[in-house]
Structure formats: C-alpha cells, structure tokens
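A quick write-up on the structure given underneath.
The values are calculated or read from the model by the stated rules, or taken from the named source; none is laboratory data. Here the structure is a predicted model, which means the values were calculated and not measured. No Cβ is skipped: glycine too gets one built from the backbone with ideal geometry, and neighbour counts run over all protein chains shown. Each accessible area value is taken on the protein alone, full model and side chains, heavy atoms only, with ligands, DNA and RNA left out. Shrake-Rupley method; radii C 1.70, N 1.55, O 1.52, S 1.80 Å.
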Amino acid sequence: MNTATATPLIQGLAWSGEYLIATDPDVVDKRIRRKALSASTGKSMKGCLAKYAAEKLLPREKDPFSVSELGTSTHAIIEDMYNMPADDRTLDAFHALKDSHADIKWSADEFAKVSDTINLTDWEKTKLEWKGEIVRLGARVFEIEDPRQQTTYKTEMSFEGVTIAGGVPAMGFIDRVDVIVVREKDRFKIVDLKTGKMKSAFDLRRYGDDHGDQIRIYSDAVREVTGESAAVGEIHYTQFGTAREIPLSELMMDHTRKDFRAAWDIHNIVTDSGKFPTKTGPLCGWCPLVNACPAAKAAGKSVSDKVKDVPPSAVQLGIPTVRTDAVHFGSKLPVTNPVVEPIAASAAIAAIKSAPSTEFIPLSDTAPADPFAGADTAQTASNSTAHVPDDKADNNGTGTNIMSIAESLFSEGKPWEATINGKLNGASYAAIAVTSIPQMAGELLIEAGRPLNNATIDRLTDLLAEIIITVQKDVRGGEFNWDDGINTRIRGALRTTIETLPLPWDATDEAGWVAWQSTATKRTTIFIKKGLRLFNLGTTIETSSFSSLLPTAVASIASPKPGVQKVA
Ligand code: SF4
C-alpha cells in the first residue's frame, strides 16, 4: 500500500474507547453503509466491525502484485477464456489471454506514467514476473476440468437488487454459471474461482464455511434472477488444481440464509448507530488498523510476520481519539429492513463485541422452508442480542428484578423467528423448547420433595439442557438449534430416560450425579437412534425370535460378553 501521503488515510472516524465511531455526519451513508448485502460483507459482519468500517475508507490497493490484484487479474483471464467458443478454450488460449492482459497493464502509456521511478529493463522484468504469477495462480484450472467440455451460460453474472433469505437485499457477481444436464434436464451449475487455498476440514469446523455460504447465497440469487435454482455449486481452487462441491441441501441452505439474514441485521444496527465495535483475534495481525487500534494494543496484537505489505502506521492512518461519550453519527437514510429500536441496537453491539470470534456466528432465527414466503415478516436480530451484558432485565431468572422492568421481556412473532429485535420470540419453537426445560426441572423437584428455588431450578435445568444439547449435537453432526424439530424429539426421549432411570436423589456426592448424567445421555441417544433404525427398516419388519425378551436373555444382557454392546 502506498502510504506516502500527508493526508490521513482515514477521515471521519475516531477511536472512542474500543469502538471506532463516525465523527463525520455523512461518512456512514457515503462510504460505509451498503444498500444491499454481498456474501463478503455478510462474512465481515461476523468479524471486527471497526475493521469493516475502516476498510471502506482506505484507498484501494494499486499494486498489481498484491494478493487481491493478482486474484482479480487471474479471474479476469480465466473468465475471458470461458467466454471463448468452447473448442478454443485451451492452455494456449490461456497463455495468449495472459499475454494480452500483461500488454495492457505494461503498455507504453503505463510506462510513461512511472518512467521516472523505473527503467525499461526493470519494467519488462516486472511484466515477466507478473505473467509468472498468473500462471502459478491460474494455469492449474485445466487440472480441475477440461474447459472445452463446459457449457458456459454466463460469466460475472450480476444479481444486484434481488431479495433473498426472507427479505435481505443482496448483491454480487457470480464468477461463472454453467449449464449441466441433471436427470436429462438442463440445470445451472455455479462456479466460483479462488486463487487461495481450500480450508482444511479442521478450519471448516472451527471457523465455518464462508466459501460454502457464498455459493449457497449465489444459488438463491440465481433462482431470483433466472427462476431456476442451481443444481450444483463448486469452488475451483485454481492455484492448486482442486475443486470442492458445495452441499445445496435445504438444511444447509437454511443455515446459510439464517446467517445472511443475521448479518444484514448487524450491518443495519451498526450503520444506524455509527458505532463500530472492535473485536480482537488472530486476524488482527493482518488488519490495516493494527498499528493504531487501541483494542489490539491492549490485547498485545501486532503485525503478523506473514504479512506481505507493511500496514500503515498510526500517523499515516491519522485516526484521532475522542472521549468515550463523544457524539457519533449514524445513517440518516430511512430505516431499512429490519426495524431496530435504539435499545436493541446498543445491546446488539455489546453482544457482538463481547462474543469470541469463533463463537459469533449469528443464528438468530429459522427461515421458512421457502425463504421468499417470509419476505414480509418482522425482522430479527442475532440470538446474542437476547442475552446481553447490560440488559436491565434478569432474563435468566437468577435475580429478583424481573418484575421491576416495565418493558416486555419477550417479543411476539412467527414460530420460526427465535428472536425479534433482540428479544426471545414467545411464540417461537425456540421459546417452547427453552421454557419447557425449567418447567420439567420444577416438576422433578416437586416430585422428589426437594425445594423449588433459583439454585435448584437452575442446576437441574442446566443438567437437562446439557443432555439435550449433547444428544442433539451427536445426531446432527455437531449442529444445535433449540428450534430444530429433533430438539422436540430429544426432549421427549429424555422424559422417557428419566422415567426409566430415576434421578439420583439419594446420591451423597457429586459423582452420583455425574454418573447419572453420563448414563442418561447415552440412553437418550439410544432412544433417538433406535427411532432412526426403525425408520431405516422400512415397512417390512422381519420376523425374528423373542429370545432377547426372555428372562434368560435379560440376565445375559445384564452381564454382556466382552465386545457385546450393552444398553446404557
Ligand atoms: S486490529 Fe483487530 S481489533 Fe483492531 S480494528 Fe483491526 S481487527 Fe479490529
């Protein structure tokens, strides 16, 4: 980045405690607020929002060797190739396109602009280096597929202005949409090109699958633009000659839609307020603000050794520091989807700020199976906003001041909306789930003749909830939402577990409860999995011996041979 300038790189923003706030009344609307959400902005909403705001003001990278510029050039060359007649898409054509792009970038006119800083020999040398980089990043596309065999419908398909995910205005460009034949029918295949590397399975689990989310957003957008959703979505990692097919199942699509919708909520909250919280984490080392950011300094973060371009200094950035109660200016544009009340906005910001980066993956609500059917529904904020540090209400019921709060603790909406404006929707599936568990705990305490108070209800509620969460994650590949249908089934199975495995009220130490929890978790899992077994048997159940139900078999099950599974 060229930072040789006396003018501050960032103007209109200031540090205020651990926030970056808008001190210029127009900066949010002119530079930061988006009219529609792209997949990349949606991803940014999960990270540091101060970084997001500042990056909108930083000058664009001009270095043709920067990661982003090389990626853009490689994309352009590959897309140009796919715009050629299919038979012409050869490696020779790739090289010819690379050469013609290089001739434009390294033209005589461009040389004239910099001839006082570089001689012609070095200029030609950088041109050759650039071509080498393009080959390194793009030529292995031929290992992924034979471009001559692909039917290209469109490259750089724009979807600005479409509405997806139950009411979110979306925008973006899809690298390529091909036509493929699926079950004798023409269908779309979305292809996104990446010059970076594919995430490992470990990283996908730990940090989420933003590449997959991007393709799923594109799939909904293609449906809006063309009337047909995509049958297949792929990411082509052109530097490495590998591709990954992205699952487009309704389950995964719904998950992505929820995230996208929550990201739009966050975008609107922070731009309405003009207050962008910092969030420190491993990515601080790559952040252009790292040399000036007070939160990064407090957390001991500094520039990563792996960063290629030195980030600007605090002086070059020129971001002033103001008092923590300084005035900040939010958007003056009409409130967009969703409607966010001021109290919810501040609460949501606090929640975003306090959540660890790996945990803040907003999953606020359940979009309807057809996201477009819910386009006029009330909007939701992330589930984090239902539990914020500065809530006056004691939402978890451990204190005494609930009755002193005049405002409603719950919102009301449609069953698939877990929260609305930061409040748990009392009509939601999630509310049904979370309110049923303390009630169950209360019933069990009364049955056992134990006292009913905050401490006993909370402890037993937490125990039951832990079992439900463990079982649900086990059968849902690590995923968990209170409003999932399977959550209801698991709560039912847990009731049966408790009937068949009474709670250890006579335990005299912790170990008795720990052992019960372990056995109850296993038993509840087995009840759920046995249901799946039954489903898989179909409607024809083969006749078999009743020997396992005879008294002798019961005795042998009680003392199984080594290697024989015993029901918990
Ligand atoms: S250095 Fe870290 S906390 Fe500060 S703005 Fe950048 S990403 Fe956010």
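What to note about this one:
- Carbon plus sulfur fraction of accessible area for the range 428-537, probe 1.4 Å, in percent: 58
- The range 67-144 - percent of accessible surface contributed by carbon and sulfur, probe 1.4 Å: 55
- Selection of trypsin sites (Lys or Arg not before Pro), the range 47-78, meeting DSSP coil and at most 10 other Cβ within 10 Å: R60, K62
- Accessible surface of the range 152-256 [probe 1.4 Å, protein heavy atoms]: carbon and sulfur percent: 51
- Label-point separation, R489 to D24 (7 Å along Cα→Cβ), nm: 5.6
- The residues of the range 152-256 have, on average, 44 Å² of accessible surface per residue, using a 1.4 Å probe with all protein chains present.
- Residues of the range 67-144: accessible area per residue with a 1.4 Å probe, Å²: 55
- Rounded to the nearest 10 square angstrom, D305 shows an accessible area of 150 square angstrom against a 1.4 Å probe.
- Taking Cβ atoms as reference points and 11 Å as the exclusive limit, the residues near D24 contribute a net charge of 0, counting Lys and Arg as +1 and Asp and Glu as -1.
- Gap separating the Cα centres of the range 257-330 and the range 172-251, nearest whole Å: 30
- Sequence-ordered 3J(HN,Hα) estimates for the range 189-196 from the Karplus curve with 6.51, -1.76 and 1.60 and θ = phi - 60° stand at 10, 8, 10, 10, 9, 10, 8, x Hz, glycine and proline given as x.
- For S302, solvent-accessible area (1.4 Å; no DNA, RNA or ligand), Å²: 80
- Treating r as the C-beta distance of A76 and M198 and R0 as 25 Å, the FRET efficiency rounds to 0.70.
- Summary of the geometry: the range 118-151 and the range 5-27, compared by the centres of their Cα atoms, lie 39 Å apart.
- Shape category assigned to the range 124-211 from the gyration tensor of Cα positions, a/c cut at 1.5: prolate
- For the range 20-27, Karplus couplings with θ = phi - 60° (6.51, -1.76, 1.60), whole Hz, Gly/Pro x: 9, 10, 7, 9, 9, x, 9, 5
- Based on protein heavy atoms only, the range 428-537 ends up with 55 Å² per residue of surface accessible to a 1.4 Å probe.
- Using the Cβ-Cβ distance between R205 and S547 with R0 set to 30 Å, the FRET efficiency works out to roughly 0.10.
- Placed amide H near S158: partners under 5 Å, 5+ positions off or other chain: I174
- Ordered from longest to shortest, the equivalent ellipsoid semi-axes for the range 428-537 are 24, 17, 12 Å, each the square root of 5 times a Cα gyration tensor eigenvalue.
- Probe 1.4 Å - accessible area at F173, Å² to nearest ten: 110
- In this simple spin-label approximation, D474 and K332 carry label points 7 Å from Cα along the Cα→Cβ vector, and these lie 5.9 nm apart.
- Across the range 256-265, computed HN-Hα scalar couplings (Karplus, 6.51 cos²θ - 1.76 cosθ + 1.60, θ = phi - 60°) run 5, 4, 4, 4, 5, 5, 5, 5, 5, 4 Hz from first to last residue, x flagging Gly and Pro.
- Point-to-point label distance, A511-L251, nm (Cα→Cβ direction, 7 Å offset): 3.9
- Per-residue accessible area (protein heavy atoms, 1.4 Å probe) orders K189, K301 as K301, K189, starting from the largest.
- Remark: relative contact order (the range 152-256) = 25 percent; criterion is Cα-Cα distance under 8 angstrom and separation of 6 or more residues.
- Amide H to amide H, with H built 1.01 Å from N, A427 comes under 5 Å of G413, counting only residues 5 or more places away or on other chains.
- 31 Å Cα-Cα threshold exceeded, pairs from K194/K332; K51/K199; K30/K258; K275/K473; K43/K423: K194/K332; K275/K473
- Solvent exposure, largest accessible area first (probe 1.4 Å, DNA, RNA and ligands not counted), of S229, S219: S229, S219
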